[in-house]
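Accompanying notes for the structure given below.
The values are calculated or read from the model by the stated rules, or taken from the named source; none is laboratory data. Treat the numbers as computed from the prediction; the structure is a model and nothing was measured. Counting neighbours? That spans all protein chains shown, and the Cβs are built from the backbone with ideal geometry, glycine included. Each accessible area value is taken on the protein alone, full model and side chains, heavy atoms only, with ligands, DNA and RNA left out. Shrake-Rupley method; radii C 1.70, N 1.55, O 1.52, S 1.80 Å.
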Amino acid sequence: MSTVRVCAHVAAQLAEHGWCVHPDFIDMSLRDALAAETREHWQRGTFRHAGVGRGKTLTVRPEIRSDRVLWIDPAACSVAQTAYLRHIETLRVAINRALYLGLFDFEGHLAIYPPGSFYRKHVDRFADNSRRTVSAVLYLNDDWQVADGGQLRLYNIPGTAAQPLDVPPVGGTLVTFLSDHFPHEVLPATRERLSLTGWFRTREGLG
Ligand code: OGA
Ligand code: MN
């Protein structure tokens, strides 16, 4: 399927349900390139402990999240990152067409969860700024098995009663959801867990 059609499908799912899990959003060669770069950066020591909150209230809280992140600089992207950001731009346009959300830009980071790391239940939209509107998590893992753990656990999914939905971080899968609607958490894994996580933002927001 072409990127345009895949993105139209994701946008239609988001419009209907508010969330979407799409396997094989990118092809294996792009996933492998992004994963290899992520490991290279990790080995060079450029990742930082992820923070909680934003601006003046940004703090490292290892009891809440223990992943390490490297923010993507749109002005200094690798070839693989540029290729992914092109997919993201196609998706932004498709979501705006389907949901009229007025998504304006995208901020994202590479993330590594060393074995045993986690991110406790949270909501992606900040309390003091409403720009983050759609979350988009792309997994970069190779041959992930359910027994490896590391699921993304999504709460408040309509139709699943009180049961949360667990999504294993299978490489190439893109998970999207409305950033203010779905509390979620990352369960610990027995293996290193790689992702490229980002947020489509509106131009203006409170704060
Ligand atoms: C996040 C997050 C989910 C995941 O970074 O805010 O919830 O599956 N990530 O990595
Ligand atoms: Mn999150």
Is one or more of the residues making up the range 38-48 open to solvent by 80 Å² or more (accessible area, probe 1.4 Å) and within 22 Å of F177 (Cβ to Cβ)? no
Are there any pairs with C-beta distances below 7 angstrom linking a residue in the range 113-132 that is in contact (Cβ under 8 Å) with a residue 12 or more places away in the chain to a residue that is open to solvent by 40 Å² or more (accessible area, probe 1.4 Å) and within 10 Å of ligand 2 (Cβ to nearest atom), with the two at least 6 apart or on different chains, and if so which? R132/R125
Leading residue by the ranking (farthest from D67 (Cα to Cα)) among those in the range 86-111 that are within 16 Å of ligand 1 (Cβ to nearest atom) and open to solvent by less than 20 Å² (accessible area, probe 1.4 Å): I88
So for the range 74-82 (the condition being touching a strand residue (DSSP E or B) at 6+ places or on another chain (Cβ under 6 Å), within 25 Å of V170 (Cα to Cα) and open to solvent by less than 80 Å² (accessible area, probe 1.4 Å)), does at least one residue qualify? no
Hey, can you tell me all the residues within the range 164-207 that are more than 11 Å from ligand 2 (Cβ to nearest atom), out of contact with any Gly (no Cβ under 7 Å at 6 or more places or on another chain) and among the hydrophobic types (A, V, I, L, M, F, W, C)? L165, V167, V170, L174, L194, F200, L206
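Yes or no, residue by residue, for (1) of a type outside the set (D, E, K, R); (2) free of Cβ contacts under 8 Å to residues at least 40 places away in the same chain; (3) outside any helix (DSSP H, G or I):
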{"site": "V4", "(1), (2), (3)": "yes, no, no"}
{"site": "C7", "(1), (2), (3)": "yes, no, no"}
{"site": "A11", "(1), (2), (3)": "yes, no, no"}
{"site": "L14", "(1), (2), (3)": "yes, no, no"}
{"site": "C20", "(1), (2), (3)": "yes, no, yes"}
{"site": "I26", "(1), (2), (3)": "yes, no, yes"}
{"site": "R31", "(1), (2), (3)": "no, no, no"}
{"site": "A36", "(1), (2), (3)": "yes, yes, no"}
{"site": "E40", "(1), (2), (3)": "no, yes, no"}
(1) in contact with a Ser or Thr (Cβ under 7 Å, 6 or more places away or on another chain); (2) in contact (Cβ under 8 Å) with a residue 60 or more places away in the chain; (3) surrounded by 14 or more Cβ atoms within 10 Å (Cβ to Cβ); (4) not aromatic (F, W, Y) all hold for L70 apart from (2)
Please work out if D148 is away from ligand 1 (no atom under 11 Å from the Cβ) and free of Cβ contacts under 8 Å to residues at least 60 places away in the same chain. yes
